[in-house]
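Just below is one structure, and these are the notes that go with it.
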Amino acid sequence: MRIAVVNRDKCKPDKCSPFGEKPCIKYCPRVRTGDKTIVLNEKINKIEITESLCSGCGICIKKCPFNAISIINLPDPLESELTYRYGPDQFSLFRMAVPKKGKVLGIIGQNGIGKSTLLKILSGDFKINFGKFGEAAPNWKEIIDFFKGSELQQYFTDLKDNKREIVLKPQNITVIPKFIKGKVEELLKKNDTKEQLHKITEQLNLEEILERKISVLSGGELQRVAIAAAYLKDGDVYLIDEPSSYLDVSERINMAKLIRTLKEDNKTIIVVEHDLAILDYLSDYVSLLYGQPGAYGIISNPQGVRVGINIYLNGYIKDENVRFREEPIQFHEKPPQESLFDLGNVIYSYDEMETELGDFHLRISGSEIHSGEIIGILGPNGIGKTTFINLIAQNINSNNKAQDDLNNRNKLNVSIKPQYINFDEKEPVSKYISNIKLATHISQSYKKRLINYLKLNTIKDQLISELSGGELQRLAIGKCLGMEADIYLLDEPSAFLDVEMRLKVAQLIRKSIEEVKKAAFVVEHDIITQDFIADSILVFKGKPGIKGIALSPQNLRDGFNTFLKMMGITFRRDNRTKRPRVNKIGSNKDTYQKSINEYYYIPQ
């Protein structure tokens with residue numbers, strides 16, 4: 001089976017050959033013999049490829065200046081398992097996940113591999129077409145007959161008859177204020193069909209923001225409100241897309257516990273999640289998606305949670321005899337040795353500082369950061385982490401006038417990747433990539449690593465307005481690390497990124513700071529990602545929204561122990577992959593680790 005895919009966002013016929021024949025058409029051997037294998041659709045001004053005429057030579061792939069074409073050979077048996085295709089030469093999804101009543105199905109896979117497409121099919125927004133279009137598109141009877149004898153037969157029968165109430169928690173919660181106005185309490189009361197508003201606001205710690213307008217909420221607050229609104233609706237099927245973004249560790253656990261209570265009412269729950277520890281904690285079984293992002297995705301057979309996540313990390317599905325990753329993702333089991341920094345090479349030092357923002361008070365213990373050092377920042381939402389970043393960046397003043405005067409006299413070059421990314425939507429991505437390529441303070445190998453790790457060349461011909469949340473995040477990280485600075489400040493760099501990209505970003509930050517011999521502060525809620533990045537941990541404690549205290553940085557073991565002890569959460573290691581897994585609260589391992597004060601690194 002051969003599929004041809006044209007990425008219409010990248011296909012730009014006016015730019016690749018404004019006055020002559022398009023290179024993909026001009027050099028196609030089949031076109032030269034008279035076949036209309038590749039043609040220009042003048043209505044949409046994009047090229048189209050007829051797969052049945054394509055020889056698979058790959059010349060069009062090499063000739064396209066915008067990397068808009070993919071020609072892929074797949075096993076023939078997959079042809080009968082094609083469930084949805086966007087168009088004759090567009091993204092294809094093979095097979096279907098199997099949701100079950102009273103169970104939580106976890107979905108794991110790279111960005112652009114079909115997870116959102118899957119949710120849209122299960123919600124009824126998209127109708128399965130088996131790759132057929134127009135008059136040939138299947139009717140509901142054909143779709144239901146295709147799944148005859150499986151649990152999906154009844155699912156799609158109910159979907160056709162509108163007997164399933166679908167509830168969706170969307171991925172990109174930052175757009176919610178554009179469409180929903182008013183106060184939090186008004187929104188939640190409107191959705192409270194179960195009369196559980198008090199219980200849910202207490203469980204998700206929403207009591208203090210009920211009177212706030214939705215337009216002023218932070219990312220973590222918006223996420224919790226979106227989860228609460230979805231939970232309060234009386235649905236049959238709950239589709240939860242990336243619920244952990246912007247949430248701290250304790251909030252992620254609270255969210256996972258809440259979602260799991262939907263099982264008690266025999267609901268069907270499907271969750272897309274990139275935080276492996278949380279996916280592991282809340283799922284009863286998982287389906288993996290693999291393939292080529294933007295071209296095709298294949299849904300695996302259902303797997304047990306532990307086995308399924310380990311298969312995903314290993315990159316080999318034994319029961320399908322498919323390897324979809326060349327190298328397995330590996331985790332280190334023991335904390336790294338103390339970093340041997342040149343303690344004389346201090347990049348930045350700060351005395352004890354205090355500041356107030358409205359009713360919020362932040363106190364910061366004095367410390368210093370050295371050349372090549374990365375300090376990871378952990379703490380609950382609303383505790384002052386972003387305020388600390390702004391203090392370091394000298395965007396706000398502290399109550400320590402002497403420190404502020406010193407900062408002003410010895411003004412540092414600071415590069416920030418903010419929590420909320422704000423680019424001019426009309427600008428091209430290529431502008432920012434050019435700035436990286438033209439930078440004189442970094443080596444060619446550094447520039448190449450930035451562009452390759454973040455896959456920036458795959459989006460270089462797009463406008464900012466065309467980028468997804470994950471693509472915007474990658475660009476913002478590249479812009480931050482590509483600037484000349486003494487200190488790099490990265491606020492939640494893993495948000496909207498898939499598992500592979502999170503770990504690549506962690507490695508990239510690590511290598512970049514070591515090479516430029518500067519320093520970085522990284523705010524990150526994903527414990528696994530933070531473990532990959534940080535040399536030491538700066539823990540924030542206090543009362544969210546009222547007061548925060550930033551402790552002095554600690555080594556990894558002490559830092560994680562301090563933070564997780566505050567959260568009341570312990571992690572164990574998987575025996576096979578050594579990946580961190582959250583212990584069920586009150587379990588034997590949880591109780592034992594708390595008794596020996598080892599919340600993350602278990603002694604061998």
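Determine, yes or no, whether residue 50 is among the hydroxyl-bearing types (Ser, Thr, Tyr) and farther than 15 Å from residue 87 by Cα. Criteria not met by residue 50. Of all the numbered requirements in (1) under 20 Å from residue 124 (Cβ atoms); (2) open to solvent by less than 20 Å² (accessible area, probe 1.4 Å); (3) among the hydroxyl-bearing types (Ser, Thr, Tyr), residue 244 misses one, and that requirement is (1).
Starting from residues that are in a helix (DSSP H, G or I) and under 17 Å from residue 277 (Cα atoms), keep the ones in the range 566-592 and report whichever is most open to solvent (accessible area, probe 1.4 Å).
To start, the set of residues in the range 566-592 that are in a helix (DSSP H, G or I) comprises 566-567, 588-592.
Going one step further and asking which of them are under 17 Å from residue 277 (Cα atoms), we end up with 567, 589-590.
Numbers: 567: 36, 589: 108, 590: 4 Å².
The residue in question is 589.
Residues in the range 169-188 that are part of a strand (DSSP E or B) and open to solvent by less than 30 Å² (accessible area, probe 1.4 Å): 169 only. Taking first residues from the range 577-595 that are under 25 Å from residue 503 (Cα atoms) and in contact (Cβ under 8 Å) with a residue 24 or more places away in the chain and partners that are open to solvent by 60 Å² or more (accessible area, probe 1.4 Å) and in a loop (DSSP other than H, G, I, E, B), the Cβ contacts under 8 Å between residues at least 6 apart in sequence or on separate chains come to 577/330; 578/330; 578/332. The residues in the range 101-152 that are among the β-branched types (Val, Ile, Thr) and without any contact (Cβ under 8 Å) to a residue 24 or more places away in the chain can be counted, and the count is 2. From the list 122, 93, 105, the lone residue that is within 21 Å of residue 308 (Cβ to Cβ) and assigned to a helix (DSSP H, G or I) is 122.
Scanning the range 135-168 for residues that are open to solvent by less than 60 Å² (accessible area, probe 1.4 Å) and in contact with an Asp or Glu (Cβ under 6 Å, 6 or more places away or on another chain) returns a single hit, 164. In the range 11-40, the residues that are without any contact (Cβ under 8 Å) to a residue 12 or more places away in the chain form Cβ pairs under 9 Å with partners that are open to solvent by less than 80 Å² (accessible area, probe 1.4 Å) and among the polar types (S, T, N, Q), at six or more places apart or across chains, as follows: 31/37.
In the range 204-221, the qualifying residues are those that are open to solvent by 10 Å² or more (accessible area, probe 1.4 Å) and over 18 Å from residue 543 (Cα atoms), and the one that is modelled with the lowest pLDDT is 216.
Could you grab me the full set of residues in the range 480-502 that are closer than 30 Å to residue 289 by Cα and either among the hydroxyl-bearing types (Ser, Thr, Tyr) or over 15 Å from the mean Cα position of the chain (by Cα) (or both)?
Of the residues in the range 480-502, the ones closer than 30 Å to residue 289 by Cα are 490-502.
Answer for the range 480-502, where residues must be closer than 30 Å to residue 289 by Cα and either among the hydroxyl-bearing types (Ser, Thr, Tyr) or over 15 Å from the mean Cα position of the chain (by Cα) (or both): 490, 494.
Restricting the range 96-134 to residues that are open to solvent by 50 Å² or more (accessible area, probe 1.4 Å) and of a type in the set (Lys, Arg), the residue that is farthest from residue 284 (Cα to Cα) is 132. Checking each residue of the range 508-530 against the condition of being modelled with pLDDT under 90, β-branched (Val, Ile, Thr), open to solvent by 10 Å² or more (accessible area, probe 1.4 Å) and within 26 Å of residue 325 (Cβ to Cβ) gives at least one match. Only a single item in (1) exposed (fewer than 15 other Cβ atoms within 10 Å of the Cβ); (2) under 30 Å from residue 232 (Cβ atoms) is not met by residue 277, and it is number (1).
Remark: residue 570 matches the filter, which requires a residue to be farther than 30 Å from residue 477 by Cβ, under 26 Å from the mean Cα position of the chain (by Cα) and in contact (Cβ under 8 Å) with a residue 24 or more places away in the chain. A count restricted to the range 155-190 and to residues that are of a type in the set (D, E, K, R) and farther than 24 Å from residue 115 by Cα stands at 8.
Hey, any hits in the range 476-488 for a residue that's modelled with pLDDT under 95, among the hydrophobic types (A, V, I, L, M, F, W, C) and within 15 Å of residue 111 (Cβ to Cβ)? For the range 476-488, residues modelled with pLDDT under 95, among the hydrophobic types (A, V, I, L, M, F, W, C) and within 15 Å of residue 111 (Cβ to Cβ): absent. Report the residue count in the range 18-39 for those that are part of a loop (DSSP other than H, G, I, E, B) and either touching a helix residue (DSSP H, G or I) at 6+ places or on another chain (Cβ under 6 Å) or open to solvent by 50 Å² or more (accessible area, probe 1.4 Å) (or both). Selection size over the range 18-39: 11.
Of all the criteria given as (1) surrounded by fewer than 19 Cβ atoms within 10 Å (Cβ to Cβ); (2) within 29 Å of residue 313 (Cβ to Cβ); (3) in contact (Cβ under 8 Å) with a residue 24 or more places away in the chain, the one not satisfied by residue 549 is (2). Taken over the range 14-67, residues that are in contact with a Leu (Cβ under 6 Å, 6 or more places away or on another chain) and of a type in the set (A, V, I, L, M, F, W, C) amount to 1.
The values are calculated or read from the model by the stated rules, or taken from the named source; none is laboratory data. Just so we're clear, the structure is a prediction, and the values are computed from it rather than from any experiment. Note that each Cβ is placed from the backbone with ideal geometry, even for glycine, and that neighbours are counted across all protein chains shown. Side chains are part of the model used for accessible areas, which takes the heavy atoms of the whole protein and leaves out ligands, DNA and RNA. Shrake-Rupley method; radii C 1.70, N 1.55, O 1.52, S 1.80 Å.
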